[in-house]
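A short write-up of the structure that comes next.
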Amino acid sequence: MRRRRFLGTTAGAVALGAFAGPGADAASADGGSFDRAMRWGQLAFVENDPGRYDRDFWLDYFRRTHLDAVTLSAGGVVAFYPTKIPFHHRSAWMREGTDPFGDLAGACRRLGMLVVARVDPHALYPEAREAHPEWIAVGDDGQPRRHWANPDLWVTCALGPFNFEHVTGIVREIATLYDVQGIFANRWAGSGWCYCESCRRMFKAASGRELPGSGSDDPARRPYLLWRRQRLLELWDVWDAAIREARPGACFIPNGPPGLESARRAEFLAVDQQARRGLTPPWAFGRSAKQYRAVMGRKPVAGLFSVGVEEPYRWKDSVQAGPEVRIWALDGIANGFRPWFAKFSAVLYDRRWLQTVEDLYAWHHKNERYLRNEAPLARVGLVYSEQTRDFYGKEQAEAKVDDHVKGMYQALLEARVPFEMVHDAFLDPDHVDRFKLLILPNVAALSDDQCRRLAEYVARGGSLLATFETSLYDETGAPRKDLGLRDVFQVSFEGQVDRRVQNSYLALNLETRHALLAGLEEAPRVINSVQRVHVRPLAGFPSPVTLIPSYPDLPMEHVFPRVPPTDDRQAYLRDLGRSRVVYFPGDLDRTFWEVLSGDHARLLANAVDWATNEERPVAVTGPGLLDVAAWRQKESLTVHLVNLTNPMTMKGPYREFVPVGPITVKLRVPEGVRPRRVHLLVAETVPRTEEAAGALTVTVPSVSDHEVVAMDI
Ligand SMILES: [Zn+2]
């Protein structure tokens, strides 16, 4: 009622006008029946739930959270329905004549929800192993693998007859017996590499090689990873076909593998990233939303979060503080996820999470039309590369690849730049031309074709910002003689990469008055990054940032520069008119992630703004760490502000929110759009607004955890 009242008022509303937004009638997302589901829930049974849990409580909770779709445990390790398939272990608590899955699934269908059946085929009971030893995964020691967490069970081989035959029978049986819209498989892609007889034989037949050992330099490693992915895609097809044959319209929904690039074939996916652990940044869930959108476009993607502590000790029956659950889910929602809460065990030990999720979902339900996004407004694309991770980063992918991405992500977030992510397999004009700038954070492994596409993007007016070893390797991870993007950067590799540079600095040549140095006018030198590619310029360049080479850092008497300022540029800036190119030969993004120097954040943000070479679609000013996401819906524009300001100084879970404000949001009104009224979806108020020269400036008095500025158009 409160919202209806303020929507009805005209106070604070800006120019009234007919809807004239372009793209409003764009083709609807190809998400099949899942597109209508905005809110998801998952109840995963444990074996002793049948007969012990309160069915009506859950049905009521599903109603109170306005679920459109629910995922319920059906089978796999344990069957929660009266299966007829041999060795499909029925719950020992399921009494004869009962059907816990079917009973709950039917009740949910009668409430109008989509129902997805969950299976988990990663483990087996001993009697199955005795009858079918070929179903069990084998370690590199040649021994069948016992389950790491439960030694009574055995780990299954994902790529052989167990999944392809036995589990196909299970998904077919479920789809035949029940009115399900999909079958969601957890841990379906194997638990580590398998050395069983069928894996050996099939890989040999496919590649002519033996299975690789654990070393990252084994020449069979890359062929194996590619073969494994192919095999999982075949399995996806086999299960999907079995399900569709039994129940037209239903489909297979994989959890996780075989990789982000393959996600594009799905009509719907859930991204399982249940909570933070250790030093996981609070924006990591939102990042996943962007990564999946990069390949799935407008198809619906749900963000699967849990309410418990997600550390290596597992604690699956735990409950986190409400603010931590909220901020994690909210950052996912702000960045385009449809929320999917997951609860394991239908018997509750700690009920504190219930209200947190109910409040969040009630808000989501109430504001659904502003959350049904059609397109992001971002003009910056951050490229990520699975092949760089797999074939260049290998076992060190976290340090060599992810930390660059994280540093760049954090810098963009601190600078409040709305941005999307771009998968390097999709560098065609359809995917990249909506961006003015593509950022390549040490995207080291790029094929000739990918380099050509990036050069064409620049020729069409796009801008590039790249760091460190970007394009110094090919798509297989083999080093190149020179940078693949040499002609775009106009620098040539000199054959040397410094892997640890101690006590080196960047000279900021303030007399150049270059935009890269904005806000650093008092800083003639700042710390350097700690790794560096040696390059030689092939053209003339401005010199706002040059190298102060490393010099001794002890004894203190010897800590002074040994050489006069050099002209060795550490930022190569090309101004080609509309497009601009920035290349940092240092690992500025990764060093920023490690050291979090504000000077590096400033340099990166300035480089983004200079290279983008146009006004930002949304400019946000005010205190705090805010994740900014800007969207267009059918009849509105929204700007999400997620307040990531965390009172836990060192790390870790949010226990309270520290409100920030006032925040000023300046939204560039897209061509042809007439704003009608502006309101705040969390505060439920009408803010102060000013309209001038194609921009609308909104003052948000305060943000606790989240605010959404909504503009009806
Ligand atoms: Zn195997």
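The values are calculated or read from the model by the stated rules, or taken from the named source; none is laboratory data. All figures in this text were calculated on a predicted structure; none of them were measured in a lab. So basically every Cβ, Gly included, is an ideal-geometry build from the backbone, and we count neighbours across all protein chains shown. Accessible surface areas use protein heavy atoms only, side chains included; no ligands, DNA or RNA. Shrake-Rupley method; radii C 1.70, N 1.55, O 1.52, S 1.80 Å.
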Worksheet item: What do you reckon, how do Asp553, Asp589 stack up by accessible area (1.4 Å probe), largest on top?
Response: Asp553, Asp589
Worksheet item: In segment 454-541, what percent of the accessible surface is made up of carbon and sulfur (1.4 Å probe, ligands and nucleic acids excluded)?
Response: 47 percent
Discussion item. Give me the percent of accessible area attributable to carbon and sulfur for segment 110-245, probe 1.4 angstrom.
Written reply: 48 percent
Practice prompt. Output ³J(HN,Hα) for segment 417-434: one whole-Hz value per residue in order, computed from phi by the Karplus curve 6.51 cos²θ - 1.76 cosθ + 1.60 with θ = phi - 60°, and x for Gly and Pro.
Written response: 8, x, 8, 10, 10, 10, 7, 5, 7, 10, 10, 6, x, 4, 8, 10, 6, 6
Fill in: Loop chymotrypsin sites (Phe, Trp or Tyr not before Pro), segment 423-482 (other Cβ atoms within 10 Å of the site Cβ: 14 or fewer; DSSP)
none
Worksheet item: What is the helix-to-structure angle for 221-246, meaning the angle in degrees between its Cα long axis and the longest Cα principal axis of the chain, kept from 0 to 90 and rounded to the nearest 10?
Response: 50 degrees
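Enumerate by residue number the GluC sites (Glu not before Pro) in segment 200-253 meeting two conditions: DSSP loop (anything except H, G, I, E, B), and at most 13 other Cβ atoms within 10 Å of the site's Cβ.
Glu210
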Worksheet item: Which of Gly598, Trp193, Gln355 sits closest to the plus end of the dipole of the chain, meaning its Cα is farthest towards the positive end, when Lys and Arg get +1 and Asp and Glu get -1 on the C-beta?
Response: Gln355
Worksheet, complete the sentence: Averaged per residue, the 1.4 Å probe accessible area of segment 199-287, protein heavy atoms only, in Å², is roughly 43 Å²
Practice prompt. Please report how far the C-alpha centroid of segment 124-198 lies from that of segment 438-506, rounded to the nearest whole angstrom.
Written response: 42 Å
Worksheet, complete the sentence: DSSP beta bridges in segment 376-503: the antiparallel percent, rounded to 5, is 5 percent
Discussion item. If you count only protein heavy atoms and use a 1.4 Å probe, how large is the accessible surface of Val608, to the nearest 10 Å²?
Written reply: 0 Å²
Worksheet entry | Cα centroid of segment 343-402 to Cα centroid of segment 43-118, whole Å | 26 Å
Worksheet entry | Karplus (6.51, -1.76, 1.60) ³J(HN,Hα), θ = phi - 60°, over segment 127-142, in Hz, Gly and Pro reported as x | 5, 5, 5, 4, 6, 9, x, 6, 7, 9, 5, 10, x, 6, 8, x
Worksheet item: Which value, in debye to the nearest 20, gives the size of the charge dipole of segment 493-551 about its Cα centre, when Lys and Arg are +1 and Asp and Glu are -1 at the Cβ?
Response: 220 debye
Worksheet item: Lys366: which lysines have alpha carbons under 30 Å from its alpha carbon, excluding same-chain residues fewer than 8 sequence positions away?
Response: Lys290, Lys299, Lys343, Lys634, Lys666
Item to complete: Select from Trp135, Ala263, Thr546 the residue farthest towards the positive end of the dipole of the chain; place +1 on Cβ of Lys and Arg, -1 on Cβ of Asp and Glu, and compute about the Cα centre.
Response: Ala263
Worksheet, complete the sentence: Any GluC sites (Glu not before Pro) in segment 636-713 that lie in a DSSP loop and have at most 13 other Cβ atoms within 10 Å would be Glu656, Glu671
Fill in: Rounded tilt (10° steps) of 448-459 against the dominant C-alpha axis of the chain
50 degrees
Item to complete: Assign unit charges at the C-beta atoms only (+1 for Lys and Arg, -1 for Asp and Glu), then state the dipole size of the chain relative to its Cα centre in Debye, rounded to the nearest 20.
Response: 1300 debye
Worksheet item: Taking a ≥ b ≥ c as the square roots of the eigenvalues of the Cα gyration tensor of segment 486-600, is the shape rounded (a/c under 1.5), prolate (a/b larger than b/c) or oblate?
Response: prolate
Practice prompt. Could you check what % of the DSSP bridge pairs in the chain are antiparallel, to the nearest 5?
Written response: 55 percent
Practice prompt. Please work out, to two decimal places, the log10 of the ratio I(q)/I(0) at q = 0.06, 0.10, 0.11, 0.12 Å⁻¹ from a Debye calculation in which every Cα of the chain carries one identical scatterer.
Written response: -0.39, -1.06, -1.25, -1.41
Response to the item:
To the nearest 10 degrees, the tilt of helix 55-64 (Cα long axis) against the first principal axis of the alpha carbons of the chain is 30 degrees
Worksheet entry | Probe 1.4 Å, all protein chains present, accessible-area order of Ser207, Ser214, Ser579, largest first | Ser214, Ser207, Ser579
Fill in: Local electrostatic count at Ile174 - Lys and Arg +1, Asp and Glu -1, tallied over other residues with Cβ under 15 Å
0
Worksheet entry | Per residue solvent-accessible surface (Å²) - segment 635-709, probe of 1.4 Å | 43 Å²
Discussion item. Can you give me the % of accessible surface on segment 580-713 that is carbon or sulfur? Probe 1.4 Å, all protein chains present, nothing else counted.
Written reply: 51 percent
Discussion item. Quick query: amide H of Gln570 versus all other amide H atoms, modeled in the peptide plane; which residues come in under 5 Å with a sequence gap of 5 or more or a different chain?
Written reply: Val545, Thr546, Leu547
Worksheet, complete the sentence: Residue-normalised value, i.e. accessible area per residue, for segment 56-126 at 1.4 Å probe, in Å², stands at 37 Å²
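Per-residue ellipticity at 222 nm for the chain, helices alone: DSSP H runs ≥ 4 residues times -39500 (n - 2.57), over residue total, nearest 500 deg cm²/dmol?
The helix-only estimate for the chain comes to -7500 deg cm²/dmol at 222 nm.
Which of rounded, prolate or oblate describes segment 384-457 when judged by the alpha-carbon gyration tensor and an a/c cut-off of 1.5?
Judged from the Cα gyration tensor, segment 384-457 comes out oblate (a/c at least 1.5, b/c at or above a/b).
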Worksheet, complete the sentence: For segment 599-713, shape from the Cα gyration tensor axes a ≥ b ≥ c, cut at a/c of 1.5 then a/b versus b/c, turns out oblate
